[in-house]
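Structure first, then comments.
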Amino acid sequence: MVTYDKSPEPKRGRGRPRTKPVPDAQEPKRGRGRPRKDPVTEDPAPKSERPRMVIGKPCAWGPRPALQVRREETEEDYHAVSERILGLARRDAAFRLERGLDLDQVRLRDAAVWLAAESKRYRTKTYDRYRTALLWRMERDGVETEALDELRSSSRQACRRTLDRDSNAIKLKFISSDDLTRLQERLREYDDDPRVRPGYAGIKTSRLTLDWLGGCILMGLRPSEWNDADIEIQNGAEVLVVRNRKYFETADGKPWRGNGRTRTLGMDWLPPELKDRLRSLVDVLNAARRDEEYDRVYTLCRQALWRANVELWPNRKRHITLYSGRHQFSASAKATGLSHETIAALMGHASTKTAGSSYGKTKHGHNVGGSIPDISPAAVATVRNRATARNERAERGDTANSIVGAVMKG
């Protein structure tokens, strides 16, 4: 109880003393050193040494407190994330080779080892989400305690603190006609700019960057696929033969990802000037690969393109990259009314969903007047057959939408 001093009130005005409460002698002193109200009911052991509380089991140090039960949506999300991690570990051929495992032998404990080793690929928040989902899945499936403890004790020090400059966070997924015109003009100004380092084989970096970006817009290749591209004559016509960068096979030789080892794109629709520039681009990049200069040339072009973006649009959060040309190809192909199977075959995808959801949208397509590379009917039929098989599995209630999914389900 607190009582107040009731002495006669002094004269009002400046200098009036404040009324101070007089603490009761019976009440203990507040603040540091005040004894706890009920020290008997508390656990004397430090918090770090207490037994870990497991859902579904009683506490080892007294009555069980109220539990925060995970919602069904959270568990479904954890399950989906853990399946993704398991698929990434199975897809890593170098990891499987190092541990001597086949595709169907990678289990949750192996996925935990893979995630801890590849933490540098993810930001801290993403890594925490992946680790939490994998821990939940391993506890649910009864994985041995040793593997759980190793994953819990894994460090986040190697996680990325910032995004890479070429990541999806800053990659523009379309190129408007006005932006492309301004970008071309700015890159041409770099011909005599001493800040831009010289290119390769006597070709200036600005010209090589323009040709590379234009080739991605016209043919839809990934920037890295130009490394193994070649121009051939087939049936009296020039074609561009490309090795699919994301084509993988299982241990028994079955296709896993991508639509075939290579894809062949027709070039008859191109005007002679553009054909010559594509031939020059392919020749230069093949020569750079033979001289082991390909990575250096690629870096020079990326830097020139980045400099032009920053100078033209300093306040933009997303910039035009070489990969933006592939996104623009997808948008223009959709705008022409091509079927989803044809677009997937042109881009080297085995599924129609990839280009439909992850690449440029129809509203950003350029009016190319039907000027799109030709693709073999066999490649389109492969995509269509896979889509049909996937739909049939969905109707049967089979959730596996690929060979990897079938392995996971088994």
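The values are calculated or read from the model by the stated rules, or taken from the named source; none is laboratory data. Only a predicted model underlies this, so the values are computations on that prediction, with no experimental measurement involved. Cβ: placed from backbone, ideal geometry, glycine included. Neighbour counts: every protein chain shown.
Brief remarks follow.
- In summary, Ser224 fulfils each of the numbered conditions (1) touching an Asp or Glu at 6+ places or on another chain (Cβ under 7 Å); (2) assigned to a helix (DSSP H, G or I); (3) not aromatic (Phe, Trp, Tyr) with the single exception of condition (1).
- Each residue in region 346-388 was checked for being buried (at least 19 other Cβ atoms within 10 Å of the Cβ), farther than 22 Å from Ile175 by Cα, over 22 Å from the mean Cα position of the chain (by Cα) and in contact (Cβ under 8 Å) with a residue 40 or more places away in the chain, and 4 of them qualify.
- Among helices (runs of 4 or more DSSP H) entirely within region 287-351, having at least 3 residues that are modelled with pLDDT of 90 or more and under 23 Å from Arg188 (Cβ atoms) singles out 294-312, 322-335.
- Region 85-100, residues that are over 20 Å from Leu148 (Cβ atoms) and surrounded by fewer than 18 Cβ atoms within 10 Å (Cβ to Cβ): Gly87, Arg91, Asp92, Ala93, Ala94, Leu97, Glu98, Gly100
- One residue stands out in region 189-216 among those that are of a type in the set (Val, Ile, Thr) and surrounded by fewer than 21 Cβ atoms within 10 Å (Cβ to Cβ): the one that is nearest to Ile343 (Cα to Cα), namely Ile203.
- Answer from Trp226, Trp306, Trp212 - the residue that is closer than 30 Å to Arg386 by Cα and of a type in the set (Phe, Trp, Tyr): Trp226
- Within the set Leu265, Leu281, the sole residue that is touching a strand residue (DSSP E or B) at 6+ places or on another chain (Cβ under 8 Å) and either part of a strand (DSSP E or B) or in contact (Cβ under 8 Å) with a residue 12 or more places away in the chain (or both) turns out to be Leu265.
- Residue check for Arg140: surrounded by fewer than 15 Cβ atoms within 10 Å (Cβ to Cβ), free of Cβ contacts under 8 Å to residues at least 40 places away in the same chain and in contact with a strand residue (DSSP E or B) (Cβ under 9 Å, 6 or more places away or on another chain): no
- Some residue of region 35-50 being among the small types (Gly, Ala, Ser) and either modelled with pLDDT of 75 or more or surrounded by 10 or more Cβ atoms within 10 Å (Cβ to Cβ) (or both): yes
- Residue match in region 322-333 (condition: surrounded by fewer than 22 Cβ atoms within 10 Å (Cβ to Cβ) and among the basic types (Lys, Arg)): no
- Total residues in region 101-131, condition polar (S, T, N, Q) and crowded, with 18+ Cβ neighbours inside 10 Å: 1
- The set of residues from region 228-262 being outside any loop (DSSP other than H, G, I, E, B), modelled with pLDDT of 80 or more, surrounded by fewer than 18 Cβ atoms within 10 Å (Cβ to Cβ) and not acidic (Asp, Glu) comprises Ile231, Ile233, Gln234, Ala237, Val241, Arg243, Thr262.
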